[in-house]
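The values are calculated or read from the model by the stated rules, or taken from the named source; none is laboratory data. Computed from a prediction, not measured in an experiment: that's the story for all the values here. Glycine gets a Cβ as well: all are built from the backbone with ideal geometry, and neighbour counts include every protein chain shown. The accessibility values were calculated without ligands, DNA or RNA, using every heavy atom of the protein model including side chains. Shrake-Rupley method; radii C 1.70, N 1.55, O 1.52, S 1.80 Å.
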Amino acid sequence: MNNKEFIADVAGKVAVAPSQCQKMVNELADTLASALELDNEVVVAGLGNFETKQKKERIMVNPSTGKKMLVPPKIVINFKMSSTYKNKIN
Amino acid sequence: MAKGKITLQMLSEMMANNSGRSKSSVEAFVRVFFTTLKDALQTDNIVKIKGFGTFKLVVVSARESVNVNNGERVNIAGYNKITFTPDKTLKDRINRPFANFDTMVLEDDDVRLIEGTPSDRSEMAVEEPVTVEEPASVKPEETLATPAPAALADFSEAKEELPQAEEKSEEPATVAEEESPSAVESELPKDQQSPADDEPELAEPKAEPAQLDSEPAKAVTAESAEAKFKRGKRNGAIIAVLLVALLAVAAFLLIPRLTGGEEQKETEANKVAVQDSIAKAAAMQAEQDSVAQLRLEADKYEQVDDGDYVIVGVQARRKVRGGLTLQRMCRRIYGTDEYVPYVLKLNNMKSPSEAWAGRIISFPKLEKKDRLYGNNH
């Protein structure tokens, strides 16, 4: 399902215009980020939870140039399925 | 490090506050959003949401692995899972504390390549931006860097006093979103009001804007971003230890209550024990039979002298195709290339280079030596 279909679907169910709906999606993403930045887990019942993980820096070899490079540390978002959802799709 | 759990309801509240929309409409929207997502994932296997990210249903195939305790091959069943890759905006937003970091090339004589593992040297990330950075790029980075230490200060401060921080830390967090130098000044007095007043980290956001005028931003940002993250986590760890200590005391008090129920369970345990021993005797007999059989088979083959395994037959025969190595063929058949010496022995080869294209190689069936010959062989 692409973005257009998804937004149209949600907009229809909540009775808002698709453009408004997309704005709200952006706001939701923003709020999610704010919550995650404070080192919290966002739990969506029946689906899973979003959390942040810090990745340490590491040395890697660039396959095209063959040179060794240093990848900097970073923070990433991780999504983990809940056990109920896991059982549902298996 | 205890992470606070945010429910959908709390998320809706935050969103309503941030956007100025009514709570009821936001709640309905959030609920519909995730229900639609769930349904869509069942009909299509991929849902892409602009501004958010992509959810994909991935089928993980079954794979052969090795039981770490006894070296036996085990099968891990296949399953379905959902993966989420955040959108660029979301990814960058979360990675803001490390926004100024870039991958860089390491020359062969670089110190980091010799000393220890990268994880020990993550503090050293401080040095590299100073040396690599060009003077022209310092200025734009300076303005971007200033919200970062403040944001991360909130990151760790909020962890320490969660219930209070829930409301108060929202303010500095939202302020941090405005990426302009003026935001830093207005943020500092707010920091003073927030709960963790006596935190040493508080001194740093104030000191940094002054330093930034004279030094390149990256070095200081890097140090504070990384160190604060870790310090915050360390403090969180101390709290976790205290909680564990409390739980231990509670458990200690509950033990007398648990021992009362043991008499009932004993008679049931007796019945089960008898059944178990019958089953065990039958299993032992079956095992002895198969071991005797296998020993006969093993005698037909020349064995590897100091190996843990015994060749008891031929498991498979493969023709070597161009570019294939013996290691790769082993991995395909056994899941590991540990057994290459046994393959060599069975095919009377001195080295894997004898596996030329077109040659047919026999892959042995292996049994653990301990099983066939006991511990002393």
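Extension gain for the segment B:Asn75 to B:Val105, taken as residue separation times 0.36 nm less the Cα-Cα distance, is 6.7 nm to one decimal. When shorter helices are ignored and each DSSP H run of at least 4 residues is given -39500 (n - 2.57), the per-residue value for chain A at 222 nm works out to -13500 deg cm²/dmol.
The C-alpha atoms of chain A define a longest principal axis, and helix A:3-14 lies at about 40 degrees to it. Interface size, chains B and A: roughly 6600 Å² of accessible area buried, both sides included, 1.4 Å probe, rounded to the nearest 100.
Based on Cβ point charges of +1 for Lys and Arg and -1 for Asp and Glu, what charge dipole magnitude is obtained for the stretch A:41-90 about its Cα centre, in debye rounded to the nearest 20?
Value, rounded to 20: 240 debye.
The heavy atoms of B:Tyr79 present about 90 square angstrom of accessible area, all protein chains included, probe 1.4 Å.
Across peptide B:84-96, the mean count of Cβ atoms from other chains lying within 10 Å of each residue's own Cβ comes to 5.
Total lysine pairs in the stretch B:8-94 at Cα distances under 14 Å, for residues eight or more apart or on different chains: 8. Taking the C-alpha atoms only, the angle from helix A:18-37 to the longest principal axis of chain A is near 50 degrees. Loop-located trypsin sites (Lys or Arg not before Pro) in the stretch B:319-377 (DSSP state other than H, G, I, E, B) with a sparse environment of at most 13 neighbouring Cβ atoms within 10 Å: B:Arg321, B:Lys350, B:Arg359. Using the Cβ-Cβ distance between B:Asp92 and B:Asp276 with R0 set to 35 Å, the FRET efficiency works out to roughly 0.05.
Restricting the GluC sites (Glu not before Pro) of the stretch B:26-120 to loop positions (DSSP other than H, G, I, E, B) with no more than 12 neighbouring Cβ atoms within 10 Å leaves B:Glu72, B:Glu107, B:Glu115.
Checking the a/c ratio against 1.5 first, then a/b against b/c, what shape does the Cα gyration tensor give for the stretch A:1-40? Prolate, because a/c is 1.5 or more and a/b exceeds b/c.
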